[in-house]
Amino acid sequence: MAGSHSLLDLTAHALAEEIEAGEVSAREAAEVANTRIGEVEDEINAFVTTTPGLALERAEAVDARNGGRNLWEGVPLVVKDVLSTRGVRTTCGSRILENFEPLYDASALRNFGDDLIVVGKANCDEFAMGSSTENSAYGPTRNPWDLGRVPGGSSGGSAAAVAAGEGWWALGTDTGGSVRQPAALCGIVGLKPTYGRVSRHGLIAFASSLDVVGPMTRDVRDGALLLQAIAGHDPRDSTSANVEVPDYLTNLEDGVEGLRIGVVPELMGEGIEPGVREVAERVASGLEGAGAEVGEASLPHSGYGLPAYYIIAPAEVSSNLARFDGVRYGLRVSADGVHEMYRKTREEGFGAEAKRRIMLGAYALSSGYYDAYYAQAQKVRTRIIEDFQAAFARYDVLLSPTAPTVAFEIGEKVDDPLAMYANDICAVPANLAGIPAISVPGGLSEGLPVGVQLMSDHFTEPTLLRAARATEQVADFRYQMKP
Amino acid sequence: MISEEQVRHVANLARLGLTDDEIEKIGGQLDAILDSIEKIRELDLADVPPTANPLDLSNVLRPDGPRPELSQEEALFQAPERVEDLFAVPRID
C-alpha cells in the first residue's frame, strides 16, 4: 500500500494539475500505476497486455517536454484493447489478433502526442461484443467490488482498472452501452459522446453506425477533461463530425437550477431491479431538490430498441469482421484451398459470441430476410430518433437507470444470450439515436454500485456534463478504490 | 424454426467453419434470439424512412490528392505468408 498522500487517492485532473505544477512527475505517476497493477492484477485481470517499461519511457519523454503540454498528457492512460496503439499489440480480446501490432495510434489518442503514456491494454469482450467481459480469449475480468462478479462489458477491463486504481482513467468504446454499463457496475463514471464527436479511425470496428470512443473515470470532471482530449473532427473518419469542440470544463459547476430533467417511465419499470429503480428515483428527487424541474418523458418506442439493436449491430458485425480472413495480418490456419483457409481461420480465431453475432447478422442480411429484419430495424431507428426529438422539445436531459441490475455473478448469464442482451435495454436507445449519454454512480444496492444514466441531444455534452456533475453531488456515493 | 441446412448456408456465406455441435447450438440460439426480435415486425412502418447513420451524413468528400501512406514493407510486415512483395494465399478454389 502507498502512503497517506498517495497519488492513487487523486482524481486524474488533480494529478494532472500536480504534474503541471511540477509537484509530481509523469514518471512518478507511471511508477505508481505500474506498482498498483503488479499488486492487484492477478485478482482482477483488467489487462490483456501491460506495458510498464513503455509507460516509464514515454513518461520520461513527457517530463522532458515541459512547456506547451496539454494538461492531460502526464496522466497515464488505460486503453481498451480495441483501440490501435502503435507498437503495442492490440487483440480486441480475440485469438484472431493475438499477435497483431498496429502501425499507428487511433486518432482518438492523437492529442496525447507521440508519447502517449499507456500503462496497458484493457481486457474486453471479443470485438467489444458482450456485457460481462467473459467473451474474451484472455479470461474474464473480475469486478473489484466483488471478485466473484462480472465488471460488466464490453469495456469491463477499462472499468475494473479505474475502480481498482490500476490507473486514473481509461478509454472504452460504446456501441450499445459498453462504456456506460461497466462504469455503472464498477462504481465509476462512463461517458458515451455524441456519435461522430470522437474519431473512429484506428478503432477496430464493431458496428460502424453505432461505435463511439468514450472516457471512463473516477468523477465527472475527469470525464470532461478526457473528452476534451479525444474530441474533434478527423478527415480520416468520414463519419466524424465537423463541429467545433467546446470547452467541457467551463460550465461544469453551473448546477441544475432551471434545467428540465425528464425521467423515462419505460426504462424504470419491467425488468429493472427494485434496488436499481430506487437509486434512480432518489437521484431524480435529489436533482429536483437542487433546483431542476423534474417531470416524466416518455420514449414510446424504447421497447423496440433492443430488438432493433440486435439486428443492426450484428448485421454490421458480419460485414466488419469479414476482414479477418487470414490473408494480410492476424491468425491464419493453413488449408489446401483459400475457402477452407478462410473457414478454418475464422473457426479457430473467433469465440462463441463473435460466431453467434456473425451468424445472426449474416442471416438478417441474407436474401429473403433483409426487408423483414434489417430494413425494418432501420425504420425502428427512425422512430426512436423521433421519440427523442419530441422528448428534447420539453426536456434538456433525460434520466433512467444505466443497467437493469447490479453486477451479476461470473458464469450466471454467459450461456444465455437473451439474458445477457437484456443488460443493454436502457443503453441502446442512445446509440441508435447517436445522442450523448453518461452513467454516474448514484448509490448502492445490495452493497454494489448502481449507475444513473443521463441523456441529452446531439452535441450538448456541456449540458449533459453539468447535469452529471450535479448528479454526482446529490448522489449517495463517492469513488473508492477497490479491493 | 431455422433448419440445419439454413444454418449451414449462412455459415458458408460468412466463411465461418462450425462443428456439428456448434451448428446445433447456434441454430437453437438463433431461433430464440429471432423470436425475441420478431416484435419489431408488429409495427407498421411502411411510410417511415430508414436511418443508416444518426447524423444523417451524405457524400462526405475530401480533396483527392496524393499523400503519404503505409510503405509496402509496413503493409506486408504482418502477413501470415508473403512471396516477395505480395501477400500469399493457398490455391484459389
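The values are calculated or read from the model by the stated rules, or taken from the named source; none is laboratory data. These numbers come from a predicted model, not from an experiment. Don't worry about glycine lacking a Cβ; one is built from the backbone with ideal geometry, like all the others, and counts go over all protein chains shown. Note: accessible area is taken over every heavy atom of the protein model, side chains too, but ligands, DNA and RNA are not part of it. Shrake-Rupley method; radii C 1.70, N 1.55, O 1.52, S 1.80 Å.
In the range B:1-29, the residues that are more than 21 Å from A:PHE324 (Cβ to Cβ) reach residues that are open to solvent by 50 Å² or more (accessible area, probe 1.4 Å) with C-beta atoms within less than 7 angstrom, at least six apart or across chains, in these pairs: B:GLY27/B:GLU4.
The requirement of being in contact with a Phe, Trp or Tyr (Cβ under 8 Å, 6 or more places away or on another chain), at negative phi, in the same structural domain as A:GLU166 (by TED's automatic domain parsing) and surrounded by 14 or more Cβ atoms within 10 Å (Cβ to Cβ) is not satisfied by A:VAL32.
So that you can scan it fast, the table gives a plain yes or no per residue for (1) of a type in the set (Gly, Ala, Ser); (2) within 14 Å of another protein chain (Cβ to nearest Cβ):
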site: A:ALA284; (1), (2): yes, no
site: A:GLY303; (1), (2): yes, yes
site: A:PHE324; (1), (2): no, yes
site: A:ARG328; (1), (2): no, yes
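When the range A:48-87 is filtered for residues that are assigned to a strand (DSSP E or B) and open to solvent by less than 10 Å² (accessible area, probe 1.4 Å), the ones remaining, listed by number, are A:LEU77, A:VAL78, A:VAL79, A:LYS80, A:LEU83, A:THR85. Does the range A:96-114 contain any residue that is more than 17 Å from the chain's Cα centre (by Cα) and surrounded by 24 or more Cβ atoms within 10 Å (Cβ to Cβ)? Yes, the conditions are met somewhere in the range A:96-114. Residues in the range B:19-60 that are facing another protein chain (nearest Cβ under 7 Å), in contact with a Lys or Arg (Cβ under 7 Å, 6 or more places away or on another chain) and among the aliphatic types (A, V, I, L, M): B:ILE26, B:LEU45, B:VAL48. Among the conditions (1) at negative phi; (2) open to solvent by 20 Å² or more (accessible area, probe 1.4 Å); (3) facing another protein chain (nearest Cβ under 8 Å); (4) at pLDDT 95 or above, the only one that A:ALA372 does not satisfy is (4). Does A:SER208 satisfy the criteria of being open to solvent by 10 Å² or more (accessible area, probe 1.4 Å), in the same structural domain as A:THR90 (by TED's automatic domain parsing) and not in a strand (DSSP E or B)? So A:SER208 fits the description; yes. Of the residues A:ASP476, A:ASP457, A:ASP424, the single one that is within 23 Å of A:LEU299 (Cβ to Cβ) and more than 18 Å from the chain's Cα centre (by Cα) is A:ASP457. Evaluated against (1) open to solvent by less than 10 Å² (accessible area, probe 1.4 Å); (2) under 17 Å from A:LYS192 (Cα atoms), A:GLY442 falls short on exactly one condition, (2).
How many residues, within the range A:233-273, are assigned to a strand (DSSP E or B) and surrounded by 19 or more Cβ atoms within 10 Å (Cβ to Cβ)? Total meeting the criteria: 3.
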